[in-house]
Amino acid sequence: MRRIAACIALSVLFVIMASGCAATREVTRVDPGKTTDLSGRWNDTDSQQVAESIVNDCLASGWLPEWVDAHPGQKPVVIVGSIANKSHEHINVQTFVKDIQSALINSRKVKFVSSRDERGEVRDERRDQHQGYTSEETRAGVGQETGAAFMLKGSLNTIVDELEGKRAIWYQVNMELHDLTTNEISWIGQHKIKKIITKGSSRW
Amino acid sequence: MVRTTISFSLRQAGLLSVLLAFFMLQACATHAQLRGRMATDVRCGAYKSADKRLAELEGQSSKDVLMDVLDRAMITHLEGRYADSNQLLERGKELIENYFTKDISDELAAIAWNDTERAWQGEEFERIMVNLLAAFNYLQMGDLENAAVEARQINQRLQVYTDKLKKYKVKTSYVQDPFAQYLAGMIQEANGEYGDAFISYRDAWEGYEQTARDFGIPAPSSLREALVRAAELSENTEEAAKYRSMFPEIKPPSQKFLKSHGRLVLVTSSGGIARKYSAKWIIPDPELDTFVIYYPKYGKGTSRTRRIELKVGGKTHKVEVAHNLTALARKSLDEKSGQLKARAVAKAIAMYAAKKVTKTVAKHAKSEATQVVSILANVALNVAELALQADTRSWMTLPDKLGVSSVYLKPGRHTAVVYFSAEGGLVFDRQVVTFDIKAGETRFLVLRSREPHPDGKQADPAPKPLWNIVPQAQQLGAGATLSLLSD
């Protein structure tokens, strides 16, 4: 009888332990501003930090007061061009472009126009408004788009050094502001991030 | 009564262990055979069938996860689902990264018992093939920027690998992967990164000097021109002069010609990489006990492809062999065979000694209980020995060889026809792609041969590049039957 009881107790314990080992998923909501470094790769925190730093640097540079002096009462119009991914990682540069756009708009120091890809959709919509279905009063006018005076473009580069489970990654974002009228480069800036990733050599 | 049972056990112990081992081995063999059949389906273009077979294998062993993922990535690539294939390859890269951290319990099990107790991590050349296949996917999607990321990862991985070889003073024939470097260079050049392209071409050239010695595979002739061209495009006059004098026969096209023409780079995969099998070395002793050493060995490659030709722009171009994966796999295994055999010998000695001990204890046991335990231990050891096979796991769906051809074309619409021929010039597969090319543009076309299936299965359609917006003029489902080269 004691043996049977012991067997039952052991079986129950085993079931409890097995269910404890079963795969469970836990979801925790975190502040989007909180840094979450999991793999060591380029992440949302890097994208936001670099975008803010680059835009602050760009807007604090001498080209802006010079332009405002030459164009009293106006704000320069900026467009974000291409940002080439020349790194070792598959980085979605579109999210980085969006972070730059967001930092530029929030600065309120410059005006901002939609990019080449976005313009196509906007133009399609405007064309559709002139098909006769939209009231004349609410139709968007044709030929009134704002032209950009400057284009912000750049590249995202990495240098990787690695040995025996230790990896150092330097991310370097280079950005340039091109004057669309004169082709002059009005500003050059860069932002660097360095990360060290260490992998354990063994586990049980 | 007990005595009778024991004497029966002694007589039947051998038979029992053989039966147990037979069933254990049968399960392993079925598993390996199914993977082998899946690899044959891939080689012969029966992708749907390969997909079904792989679904049966997936998840059967937690130690084979990487192999399942890479086989799935290959099949998905050949089905033309390039983005899905890349997702799998990224998962594969993660697993490889994680395997850097050794699981001590797996390692102990592998040392004490069988190498298959260790998660399969792939050989170095197989890990480079993960990046190459990902690059192929991006090229088929016309995404040069992300293909260039793979090219950088290839260079990085090879750099880390060669640093490690230097640190531990390891001598191996797989020091560089010249084909991977060559492809990286072509992607970088197409992406306008001429300086990086030149460095990749130079590394590829140096790598091919070694493969020419080790495997009889010299650098493709197009690499010579690429070296001079990239040196000039990157305005590296010193290197350009050096390579011009090294290859006086090469007349690289002028800048004007390059700007007014497009370029098609064809990368071909053909056949199936050789498969490993468990070879054994049996040494009997006077008491009829066996001393068995199991070690992995490569069988023959299974490629029927002997010649590949590209017909485009009114000319026929030979596709040159640029990578022999079977030869590389064999050489890599040969170089490790000393280490593998030493481990196998140690295991065999331990097994032999344990068997001797249990037999002696059984023979001289004073109590019946000791005798029974010794007999059972001996049966277990016999079973263990028979199941002690070598680790024959590999990425079986890889091709046997890779080839390359680079052709300048006038801007406009072209139809490329690629012929895969067997011995005697018999064409068994013909793949046709119609495409538009612009001046100054480089397009990559990645195709795999579909060899005749041993079971007569019809080949599925060859995958199409997604950058090719022109409807395919002609698509043959050839592969099941051989036809004479008539085009």
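Quick note: the coordinates plus some simple rules give every number you see, no bench work behind them. Small disclaimer: the values here were computed from a predicted structure and weren't measured.
Straight-distance candidates among the aspartates and glutamates for linking to B:Lys171, with alpha-carbon spacing under 20 Å and chain neighbours fewer than 8 residues away dropped: A:Glu164, B:Glu123, B:Glu124, B:Glu126, B:Asp163, B:Asp203, B:Glu206, B:Glu209, B:Asp214, B:Asp334, B:Glu335.
For B:Thr305, the residues 5 or more places off, or on other chains, whose built amide H falls under 5 Å of its own are B:Gly271.
Ranked from largest, the principal axis spans of the Cα set of chain A equal 96, 53, 26 Å.
I need the shape label for the stretch B:184-322. Rule: rounded when a/c is under 1.5, else prolate if a/b > b/c, else oblate, with a, b, c from the alpha carbon gyration tensor. Working shown, then result.
Working: a/c = 3.63, a/b = 2.36, b/c = 1.54.
Prolate.
Helical content alone sets the calculated 222 nm signal of chain A at -11500 deg cm²/dmol, taking -39,500 (n - 2.57) per DSSP H segment of four or more residues and averaging over every residue. Note on B:Lys242: lysines with a C-alpha under 23 Å away, same-chain residues under 8 apart excluded, are B:Lys251, B:Lys256. Summed over all non-identical Cα pairs, the Kirkwood treatment of the stretch B:162-258 gives a radius of 14.0 Å. The relative contact order of chain A comes to 20 percent, based on Cα pairs under 8 Å that sit 6 or more residues apart.
How many angstrom lie between the Cα centre of the stretch A:155-204 and the Cα centre of the stretch A:55-95? The two parts, judged by their Cα centres, are 18 Å apart.
Return the Rg/Rh value of the stretch B:40-93, two decimal places, where both radii are evaluated on C-alpha atoms and Rh is the Kirkwood radius.
Values: Rg = 10.7 Å, Rh = 11.1 Å.
Looking at the stretch B:40-93, the ratio lands at 0.96.
Note on B:Lys300: lysines with a C-alpha under 20 Å away, same-chain residues under 8 apart excluded, are B:Lys276, B:Lys280, B:Lys331, B:Lys336, B:Lys401.
Pairs from the list A:Lys109/A:Lys192; A:Lys86/B:Lys438; A:Lys192/B:Lys63; A:Lys194/B:Lys464 with a Cα-Cα gap above 32 Å: A:Lys192/B:Lys63; A:Lys194/B:Lys464.
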